Amino acid sequence: MKDGASTHCHIDGRAIAARILNECQAYVLANPSVARLVSVSIGDVPEIEVYVRNQTRGAERAGLPFETQFWPKNITQEDAKARIQAMNDDAETLGIILQRPVLAHINLRSLQSAIHPLKDVEGMNPASIGNIVYSDVALAPCTAAASVELIKATGLDLKGLEVVMIGHSEIVGKPAAMMLMAEGATVTVCHHLTRSVAMHSRRADVVVVAVGIPHFLGPDMIKPGAAVIDIGINQIDGPDGTPKIVGDVDTDTVGEIAGWITPVPGGVGPVTVAILMRNATVAHQRQVAAGWMD
């Protein structure tokens, strides 16, 4: 097993993330004029805190300047869009991170569309997602890109690889499927209307799961030796009533059959943050190429 996979078939996302962040740090050291990333949180949404904290740490590891902004809960859609447009025009802003979820009165997609594609380090602008159709994956959605990075870490050859993607969200399932097709994989996408998910997943070399259902994928749903990438993050009550985080995969039982499996936590999450920082370095390169800066 390669690049962070342990002898227990777990793919160590933290080790992969560390490698990516080291590459980002080297880039920043070679380009000391890199501008700052700006994290935007709208209102008081507790779920956002862990993401902001992890991104702050990731930026520190990469050597990227990182600013957190907290906009008031009563901000209007028009004011929020105007602030984003001002950051688009600000040479000191490298990239904009719009934390999710947002409050009910905010149109998230409209704000994501307002972020200039060259400052869209999250890969959430519809233009950024559309670029994936043409195999331009350099600024892809971070979680989708992380899933591809984790598959590569197994050492499997993606060309002709049979992959089943369970979940077809706009920011994970669909872009991940397109990115894998760009790498030459044969991809089947399953969703809530698929008649038999197990019929598809049992033939796959790789199963990627992003459905938001704790322990959805069991050992009877994969073939021996398959790689399993668990994107789910679900909070459940542990045996003693204490909340615990689990994925969409029944890791203990599936791990006995799988060739590789990502743990939760410690799998996709750290790599997603690292990909965000790598996207920032790509954004800088593209802004320089566009003549925005020297």
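The values are calculated or read from the model by the stated rules, or taken from the named source; none is laboratory data. Just so it is clear, the structure is predicted and the values come from calculations on it, not from any experiment. Cβ coordinates were reconstructed from backbone atoms using ideal geometry, including for glycine residues, and neighbour counts include every protein chain displayed. What goes into the accessible areas is simple: the full protein's heavy atoms, side chains included, and nothing from ligands, DNA or RNA. Shrake-Rupley method; radii C 1.70, N 1.55, O 1.52, S 1.80 Å.
Applying the set (1) in contact (Cβ under 8 Å) with a residue 40 or more places away in the chain; (2) more than 20 Å from the chain's Cα centre (by Cα); (3) farther than 15 Å from Ile275 by Cα; (4) not in a loop (DSSP other than H, G, I, E, B) to Tyr27 leaves exactly one unmet item: (3).
Exactly one residue out of Gly167, Gly173, Gly160 is in contact (Cβ under 8 Å) with a residue 12 or more places away in the chain and surrounded by fewer than 18 Cβ atoms within 10 Å (Cβ to Cβ), and it is Gly160.
Conditions (1) more than 21 Å from Pro270 (Cα to Cα); (2) outside any strand (DSSP E or B); (3) within 20 Å of the chain's Cα centre (by Cα), marked per residue:
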site	(1), (2), (3)
Glu149	no, yes, yes
Leu193	yes, yes, no
Ala204	yes, yes, no
Ile245	no, no, yes
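Whether a residue is touching a His at 6+ places or on another chain (Cβ under 8 Å) and farther than 11 Å from Met277 by Cα was assessed, and Gln77 passes this test.
Among helices (runs of 4 or more DSSP H) entirely within region 33-127, having at least 3 residues that are of a type in the set (D, E, K, R) singles out 49-62, 77-88.
Among the residues of region 79-102, the one identified as open to solvent by 60 Å² or more (accessible area, probe 1.4 Å) and under 20 Å from Ala145 (Cα atoms) is Arg100. Across region 103-139, the number of residues qualifying as touching a residue at least 60 places away in the same chain (Cβ under 8 Å), closer than 24 Å to Ala185 by Cβ and open to solvent by less than 30 Å² (accessible area, probe 1.4 Å) comes to 3. Cβ-Cβ contacts under 8 Å between residues 6 or more apart (or on different chains), taken from a first residue in region 74-101 that is farther than 22 Å from Glu47 by Cα to a second residue that is aromatic (Phe, Trp, Tyr) and open to solvent by 30 Å² or more (accessible area, probe 1.4 Å), are listed as Ala91/Trp292. Considering Pro263, Pro214, Pro239, the condition of being in contact with a Gly (Cβ under 8 Å, 6 or more places away or on another chain), more than 20 Å from Val148 (Cβ to Cβ) and not in a strand (DSSP E or B) is satisfied by Pro214 alone.
Does region 15-34 include one or more residues that are within 25 Å of Val268 (Cα to Cα) and of a type in the set (D, E, K, R)?
Going residue by residue through region 15-34, those that are within 25 Å of Val268 (Cα to Cα) are 15-28.
The next check asks that each one be of a type in the set (D, E, K, R); those that pass are 19, 23.
Yes, the conditions are met somewhere in region 15-34.
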